[in-house]
Each structure stands twice: as structure tokens, then as C-alpha cells.
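See structure below.
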């Protein structure tokens with residue numbers, strides 16, 4: 001399927017790399033589930049043939065990196081090109097609605113960087129237009145495809161009653177005039193929380209927020225959600241941090257979970273009662289930078305633990321033991337089209353001529369015996385059982401798959417299925433509605 005990229009800036013360069021750089025490992029598992037479905041995502045068949053950017057310098061830079069790319073003189077010229085079936089729209093948020101609307105009116109499938117639009121009404125209008133035109137509209141909420149986030153959604157009930165959730169998302173820049181740090185960074189945490197807890201949970205709570213203006217940039221925000229009988233939720237987000245922070249701490253009656261996108265272990269679970277000392281720690285290891293790696297079983301005092309599919313909460317006193325690869329059975333291969341090069345979320349695509357041929361892997365393949373165990377009762381499992389469950393986990397959630405790759409694969413899957421994922425569309429609109437509520441409750 002021939003496609004074009006609109007916007008060759010910071011994030012556009014990463015999408016460009018994902019679409020244009022051929023993979024050296026085309027047959028690796030993709031192995032990540034679509035966020036609201038039970039089937040594993042497989043390869044996408046996109047061929048990027050051209051780019052457009054309002055800055056000619058940006059477009060020329062893209063062609064210098066990939067000489068085969070055509071530079072369109074205008075967005076209208078791109079839309080008029082009948083060979084283009086899909087568009088990747090990676091432009092400033094204020095431009096999303098008019099540019100996406102024009103693409104849909106031209107009957108192009110469109111992949112839009114978050115947020116889909118700056119109002120929920122505009123989001124709804126775009127989905128209505130896409131449905132009318134018979135094309136797919138996909139918003140890139142990439143962390144819905146992170147294996148750790150998918151695990152949290154599947155097992156949030158194992159935390160017991162949630163007392164509090166505290167999220168921090170901060171870095172130095174990128175400063176933007178047209179949107180606040182809320183719509184740039186906090187949006188990710190709102191999207192994760194709406195996915196893990198359910199958007200209705202956030203809708204029951206009243207938001208409040210404090211924004212700090214720094215030289216004309218709304219660069220720092222503290223957001224809170226509260227409601228009778230609901231957990232306290234806080235989000236701190238900033239463009240002023242010299243250190244990159246991407247952390248969410250979930251505190252429940254039965255345990256504490258730490259999701260850290262920049263740590264080696266993306267997801268770590270702790271027991272509320274550290275006196276249980278014989279328990280250990282389970283996490284998603286990282287191979288390259290921000291990229292998720294293979295899950296590891298970590299043991300304490302010779303006792304073995306379950307895999308992240310049914311992990312016990314842990315005492316922080318643990319030592320790490322990587323399960324020997326030869327001790328695990330290889331899961332069925334699911335062809336993968338894209339492979340990351342340097343780690344951060346900038347990824348490569350494989351040969352566009354490849355087609356989906358492998359069977360999908362469903363969540364139901366998780367062993368019923370493991371599924372029935374609670375998250376706290378597995379410390380007595382043997383290492384053999386832990387390894388077996390780890391194989392099951394690897395088969396369903398290949399944590400080496402970068403979220404951007406999975407999002408692109410889900411976009412392609414919707415096109416081949418001939419329909420927009422209704423749950424993703426609903427989630428996208430609700431996230432924008434929640435951001436609108438935060439704006440309305442914000443003090444400057």
C-alpha cells in the first residue's frame with residue numbers, strides 16, 4: 001500500500017525511519033496484541049513514496065536520508081496523487097483537524113499523531129467523516145501498545161482496591177507555544193489511565209490543575225483527580241526537567257506497581273508487606289535504551305517466581321536471574337515487519353512486499369491453571385513452572401516490540417479489516433474530553 005508522510009519534524013523523522021529503513025530481522029515476532037482485541041498484530045505492507053512539509057528544508061532533509069522519496073510541492077498536490085492510499089500526519093496539533101478532514105474527504109486512510117484534534121467535537125466529526133467515506137482514521141496513542149501497559153490493563157484487579165496513582169512525565173523541552181505541556185505530555189498519562197482503569201473511572205472524578213507559565217510557555221502542570229470512593233490520582237508533567245522521567249506508581253491494597261518507561265525493568269511489582277521477604281521481583285528488561293526487552297524471572301533466596309503474566313508482588317530485596325534461553329520453548333513465529341535501530345521509538349520497516357501469513361495468537365492461550373492463580377499466591381511455584389509461564393507470556397506479549405511499530409501495524413490491520421477499531425475511536429474521543437475538563441479546571 002503506497003503512502004505519504006506529512007510533517008518531517010522531530011516525531012516525523014522517527015516515523016520516517018520506521019517506514020523507510022529495511023529490517024535485518026524481518027521474520028522476528030511482532031507478538032504484541034492490539035489494545036482492545038485478542039489477536040496478535042502482524043506485519044504491515046506500507047511503501048512510503050513521498051513527503052510533504054511546510055518547511056522545504058525539512059522535506060529536503062528527509063530526501064537526503066532517503067533519496068527515493070518524492071517531495072510534494074503542496075498538501076493539495078499530495079491529496080491529488082491517486083496512487084497514495086494512506087497518509088501519516090505528523091504535524092502540530094492545531095493543524096490535525098483541517099489536514100485530516102481534507103485527507104478523509106479525498107478518501108485517504110490516515111494515521112494521525114496524538115492528539116487527534118484539540119476538541120472532542122472535532123474528533124467526533126472526523127470519525128463520522130471517516131465512516132461515511134469508508135476509510136480508516138487511526139490516532140497514534142502509542143503507549144496503549146506497550147506490553148507493560150497491556151499487562152496492567154489485564155491485571156489491574158490484582159492490585160486490590162486502588163488507593164492512589166501518581167504519574168510523573170518530565171523532560172527538558174520540547175517547548176511549544178500552541179499547546180500546553182498538558183496536551184503534549186500529560187495526554188500520555190491520561191490515555192494510559194483511561195485505558196488501564198477505563199475512561200468511565202476518570203469521568204467519575206473531578207479534575208483540578210495548576211499550570212505554570214514560563215516565558216510564555218505553559219511548561220509545567222500539576223493535575224489531580226478526586227472523587228468520593230475513588231482513588232486519588234495525580235500527574236506531574238514538565239518541560240523543565242534536566243532528567244527524563246516517565247514513571248507511574250499504582251498503590252493498591254494488595255501491592256504496588258511501578259511502571260517506568262526509561263528504566264531497565266519497565267514494570268516492577270512490590271508486596272505491600274515487605275516482611276514477606278521470601279518473594280522476589282519480576283520485570284520487563286530493556287535491551288536498548290527506552291526499548292522494552294525480554295521479560296526476566298528474578299529470584300530471592302532460591303525461591304522462584306511466576307512470570308509477568310501472573311507475577312507476585314515483591315519485596316525490593318531481590319537479586320536478578322535471567323532465565324536461560326535454551327530452557328524455554330520457542331513460541332510460534334509471527335512475522336514482523338519492522339525493527340528498531342537505535343532504541344528510543346525510532347524504528348525500521350521491513351520489505352513492503354511481505355504479506356500477512358502467520359496465524360494470530362489469542363489471549364486465551366494463557367494456561368487456565370495460571371490464569372486462576374492470584375497475584376500473591378504464586379511464591380511457591382517451582383522455577384520450572386515459572387519458566388513455562390514465561391514462555392506463554394513471550395508468545396502473547398513480545399516486549400521487544402517498540403510501541404510505534406505496533407501502532408503502525410494496528411493501523412494497517414484496520415485497513416485490511418475494512419473498519420475502524422470502535423474501542424480505539426471511543427478511547428481517543430474520551431481522552432480529549434478529559435483534557436478539555438482539565439483545561440476548564442486549570443488555574444494559571
Suppose we filter region 123-162 for residues that are out of contact with any strand residue (DSSP E or B) (no Cβ under 7 Å at 6 or more places or on another chain) and surrounded by fewer than 19 Cβ atoms within 10 Å (Cβ to Cβ); how many remain?
13
Across region 226-250, which residue is farthest from residue 199 (Cα to Cα) among those that are modelled with pLDDT of 95 or more and touching a helix residue (DSSP H, G or I) at 6+ places or on another chain (Cβ under 8 Å)?
239
On the basis of being under 25 Å from residue 175 (Cα atoms), in contact with a helix residue (DSSP H, G or I) (Cβ under 8 Å, 6 or more places away or on another chain) and surrounded by fewer than 19 Cβ atoms within 10 Å (Cβ to Cβ), does residue 119 make the cut?
yes
If you scan region 14-39, which residues turn out to be more than 28 Å from residue 194 (Cα to Cα) and modelled with pLDDT of 80 or more?
16, 17, 19, 20
In region 64-88, anything more than 28 Å from residue 410 (Cβ to Cβ) and surrounded by 14 or more Cβ atoms within 10 Å (Cβ to Cβ) is listed as 71
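The values are calculated or read from the model by the stated rules, or taken from the named source; none is laboratory data. Model, not experiment: these values are computed from the prediction. Heads up, the Cβs are rebuilt from the backbone with ideal geometry, glycines too, and the neighbour counts pull from every protein chain shown.
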